[in-house]
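Okay, structure first, notes after.
The values are calculated or read from the model by the stated rules, or taken from the named source; none is laboratory data. Just so we're clear, the structure is a prediction, and the values are computed from it rather than from any experiment. Don't worry about glycine lacking a Cβ; one is built from the backbone with ideal geometry, like all the others, and counts go over all protein chains shown.
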Amino acid sequence: MAIIINIDVMLAKRKMSVTELTEKVGITMANLSILKNGKAKAIRFSTLEAICIALDCQPGDIMEYRGNKDIPK
């Protein structure tokens, strides 16, 4: 099972840079990179809320669940 983070897609739709997002959300570039690359083990609701506010989106717009059968090996 995997949760896929699609922040890059929403950044492109909103024509926003990663740097601009980190400034609006108040997280470091390193932490956003960990999240974007699927290396994060958890995310605080406050961080998720700040990302959604900055990108004017819903959590489901930037996060996607894929079961084992949907993940290429």
Sole miss for GLY38 among (1) in contact with a strand residue (DSSP E or B) (Cβ under 9 Å, 6 or more places away or on another chain); (2) at negative phi is condition (2)
For the range 18-33, enumerate the residues that are on the phi < 0 side of the Ramachandran plot and surrounded by fewer than 16 Cβ atoms within 10 Å (Cβ to Cβ).
VAL18, THR19, GLU20, GLU23, LYS24, THR28, MET29, ALA30, ASN31, SER33
Could you say whether any residue in the range 40-50 is in contact with a Lys or Arg (Cβ under 8 Å, 6 or more places away or on another chain) and either aliphatic (A, V, I, L, M) or free of Cβ contacts under 8 Å to residues at least 40 places away in the same chain (or both)?
yes
Is it true that ALA50 is of a type outside the set (Phe, Trp, Tyr), exposed (fewer than 10 other Cβ atoms within 10 Å of the Cβ) and modelled with pLDDT of 95 or more?
no
